[in-house]
Amino acid sequence: MEKKFYHGSKNTTIKMLEPRVSTHGQRWVYATTNPVLSAYFGGEVNDFNFIVDVDENDIPQMYELYKGAFTECFKHKKSALYELKDSGFESGKTSFKYEYVSTKRTKVIKTVIINDLSLYLRKANRAGALKIHFYENNRAYEDMIRAHIRDRLLRFGYINMTPDMLPDEVRAHWMEYYNVLREELLKSQKYYIISTDADIKEFKPINCGEGEYVCATNNPILGILEYFSDNKYYGSLGLENTINGLKPYFEEYYTDASKDVLKNKSCFVYEVENSGFMQSENASQEFVSPNEVKVIGVEKIENLATYFVERIKAGEVDIVPYAKDAKNDKKIKQAIKDLLIVKKGDNEKLDIEQLPAVVKEHYADIVEEINKK
């Protein structure tokens, strides 16, 4: 029997679904073969208000994670249930085996408007096509919730974020879980310092932008990119949420910028003791300590280009190649301009001979534009 594919959405006017990046880090269109399960995803749902599963009889199971979540997510919520053309949907690409994904644009072939999603789901529950488990205040239910929230906080990298960086759904209900787990994590956290100098036994506090501190990272890959990217003239650095946690990425500002950063480079990755590290206010992966820090281990990376090829293959980092288009070039120009204006400070003009070679080679026109003002 030919499978039918469904997609639920708050957007009720879709004619064509475009592949989009989600927490899995891939550009996919998502679908299921169960219309009730897909309808559920048309609500205000996320991993922090419901657990969703399917039992051995292929009946979707909804578990409310806190009292009132069902009303909050579905009552008076209008949505659409779309039947989709099969654009090459595959299962087994995510941890949820009932989920199908396609890398292609997908045409909608039928639309059903659901005016109140809570009524639709309650009707499916009464008909036996769905089982809604409302929140229960008992040990077994609480243990299930605790295990689920712990997994999601770790999986999405939220445990590495400061409270102000957390999404609303975590701040609204799960700060107690977050605080306990974060305290556990910080006790077992590993800290790294990147250097080109050999045989370092300890690091002393220096001025690193926030006062006299030793600055370290809990992500050596990101630390290496920051160390060698020369004040971010080569590209932008960041972290993306994936199903396996936070993954560093480097987005090039010009063709082969990443090669310029990594080619013919080597370094030492020093693991250091926790001598009172505190999270930096500037970045979730940066930590500072006012104390001297002893080295407890070291890895020498002989060839950074080779090292990053291996890390990319392992899915631990992404290098985003430069893409020439007007919108991207405008964004890059503004980023470089902002960096150079800060560099200029109170000086009348920028001296291009005193700037890094990458600026002279790629951004001389921006320097000239700033100096004319």
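Somewhere in the range 301-321, is a residue more than 25 Å from Thr255 (Cα to Cα), modelled with pLDDT under 95, part of a loop (DSSP other than H, G, I, E, B) and of a type in the set (Asp, Glu)? The answer is no; no qualifying residue exists.
Give the residues of the range 14-32 that are part of a loop (DSSP other than H, G, I, E, B) and at pLDDT below 95, sorted by residue number.
At the first step, the residues of the range 14-32 found to be part of a loop (DSSP other than H, G, I, E, B) are 14-15, 18-19, 22-26.
Within the range 14-32, Glu18, Pro19, Ser22, Thr23, His24, Gly25, Gln26 meet the criteria.
Per-residue answers, yes or no, for (1) in the same structural domain as Val298 (by TED's automatic domain parsing); (2) at pLDDT below 90; (3) basic (Lys, Arg):
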position	(1), (2), (3)
Tyr177	no, no, no
Arg182	no, yes, yes
Glu210	yes, yes, no
Ile243	yes, yes, no
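Taking the range 212-240, which residues are among the acidic types (Asp, Glu), more than 21 Å from the chain's Cα centre (by Cα) and either at pLDDT 90 or above or not in a strand (DSSP E or B) (or both)? Reasoning before the result, please.
Start the filter on the range 212-240 by keeping residues that are among the acidic types (Asp, Glu), which leaves 212, 226, 230, 240.
If we keep only those that are more than 21 Å from the chain's Cα centre (by Cα) too, we end up with 212, 230.
Within the range 212-240, Asp230 is the sole residue that qualifies.
How many of the residues making up the range 37-57 are surrounded by fewer than 21 Cβ atoms within 10 Å (Cβ to Cβ) and outside any loop (DSSP other than H, G, I, E, B)? Total satisfying the criteria: 4.
Pro60 fulfils the conditions (1) surrounded by fewer than 16 Cβ atoms within 10 Å (Cβ to Cβ); (2) more than 23 Å from the chain's Cα centre (by Cα) except for a single criterion, (1).
Please go through the range 322-368 and give me each residue that is in contact with an Asp or Glu (Cβ under 8 Å, 6 or more places away or on another chain) and outside any helix (DSSP H, G or I), ordered by number. So that I can check it myself, show each step before the final result.
Taking the range 322-368 first, the residues in contact with an Asp or Glu (Cβ under 8 Å, 6 or more places away or on another chain) are 322, 337, 356, 358, 360.
Answer for the range 322-368, where residues must be in contact with an Asp or Glu (Cβ under 8 Å, 6 or more places away or on another chain) and outside any helix (DSSP H, G or I): Tyr322, Pro356.
The values are calculated or read from the model by the stated rules, or taken from the named source; none is laboratory data. Because the structure is a prediction, the values reported are computed rather than measured. Note that we place each Cβ from the backbone using ideal geometry, even for glycine, and neighbour counts take in every protein chain shown.
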